[in-house]
1. What residue, of Glu130, Glu93, Glu121, Glu73, is touching a Phe, Trp or Tyr at 6+ places or on another chain (Cβ under 8 Å) and open to solvent by 10 Å² or more (accessible area, probe 1.4 Å)?
2. Go through segment 112-148 residue by residue and tally those that are in contact (Cβ under 8 Å) with a residue 40 or more places away in the chain and part of a strand (DSSP E or B).
3. Starting from residues that are closer than 25 Å to Val78 by Cβ and among the polar types (S, T, N, Q), keep the ones in segment 193-243 and report whichever is most open to solvent (accessible area, probe 1.4 Å).
4. Taking the residues in segment 53-62 that are crowded, with 22+ Cβ neighbours inside 10 Å and within 25 Å of Asp28 (Cα to Cα) as candidates, determine which candidate is nearest to the ligand (Cβ to nearest atom).
5. Could we say that Val125 is farther than 15 Å from Val37 by Cα, touching a Gly at 6+ places or on another chain (Cβ under 9 Å) and modelled with pLDDT of 95 or more here?
6. Return the pairs, sorted by first residue and then second, in which the second residue is open to solvent by 40 Å² or more (accessible area, probe 1.4 Å) and within 12 Å of the ligand (Cβ to nearest atom), the first residue lies in segment 191-202 and is closer than 13 Å to Tyr215 by Cβ and acidic (Asp, Glu), the beta carbons are less than 7 Å apart, and the residues are 6+ apart or on different chains.
7. Being of a type in the set (Val, Ile, Thr) and either in contact (Cβ under 8 Å) with a residue 40 or more places away in the chain or touching a Pro at 6+ places or on another chain (Cβ under 9 Å) (or both) is the filter here, so list the residues in segment 62-85 that pass it.
8. When the residues of segment 32-52 are filtered to those that are more than 15 Å from the chain's Cα centre (by Cα) and free of Cβ contacts under 8 Å to residues at least 60 places away in the same chain, which remaining residue is farthest from the ligand (Cβ to nearest atom)?
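The values are calculated or read from the model by the stated rules, or taken from the named source; none is laboratory data. If you're wondering where the values come from, they're calculated on a predicted model, not measured in any experiment. With ideal geometry, Cβ positions are generated from the backbone for all residues, glycine too; neighbour counts draw on all protein chains shown. Note: accessible area is taken over every heavy atom of the protein model, side chains too, but ligands, DNA and RNA are not part of it. Shrake-Rupley method; radii C 1.70, N 1.55, O 1.52, S 1.80 Å.
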Amino acid sequence: MRYLILSDLHGNWEALEAVTRETGGRWDQAICCGDLVGYGADPNLVVDWVRAHCAVVVRGNHDKACTGQDDLEWFNPVARAAALWTQRHLTPENAAYTTGLPKGPIPVGGFLVLHGSPFDEDEYVLAADEAAQAFGYMETQLAFFGHTHVQGGFIWNHSRVETIGRVSARPSGERMAIDPDCAYLINPGSVGQPRDGDPRAAYVLYDAEAHELSYERSAYDVETAQKKIREAGLPPILADRLALGR
Ligand code: ZN
């Protein structure tokens, strides 16, 4: 099975559309690590696509916030404004679907799908010490997670945690072998709002039979996504940051 691993789509249709166009025919099943909505101007187009194409989807903190399941007190004013806007714009069908998304981790074909960390869906795994703690909760060799919007991840080689660094600087599509003696926490990065300094949409292609994965980036029509955010009356910083990948 070849998987397309997506996370943090955040209502950015232009980014998701570019990813699907560039990866056509290269995967059998799509998986989503959460945050379908929030920030972007096209929550319905994105949720429609996920409903039609993703075999497994876990909820993210924005999916909860944008469907009234989370206390918006924990959100900064920009994220809160975007969550309230999304609550007003999701169709009843897409709101019901997003509300019903399961909490991760969810096991799929020998790996885990989760949003934040294996022990807390809202926890950020950004540094090696946080990853070391997360590995302690994993019963599989491989897990895909999101939430930080930073493409990369961590490898546990049974003595220490290695950080998979400078992923964005590598050639897109470079294949990485999965060593059966190690454990992996892999972050595909964010499709809809990358924060690792590279504005291109981020994702991973994972070939389970070949035991290989590749970190991928796709350029997309950032200007149109920005224009839609501004015209929707969403906070303009949400448009500005897309051009920077921050
Ligand atoms: Zn997110």
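1. Result: Glu130 is the single residue among Glu130, Glu93, Glu121, Glu73 that is touching a Phe, Trp or Tyr at 6+ places or on another chain (Cβ under 8 Å) and open to solvent by 10 Å² or more (accessible area, probe 1.4 Å).
2. 4
3. The extreme case among them is Thr224.
4. Of everything passing the filter in segment 53-62, Gly60 is nearest to the ligand (Cβ to nearest atom).
5. Here the answer is yes, as Val125 does meet what is asked.
6. Asp196/Val150
7. Within segment 62-85, just Val78 meets the criteria.
8. Ala52
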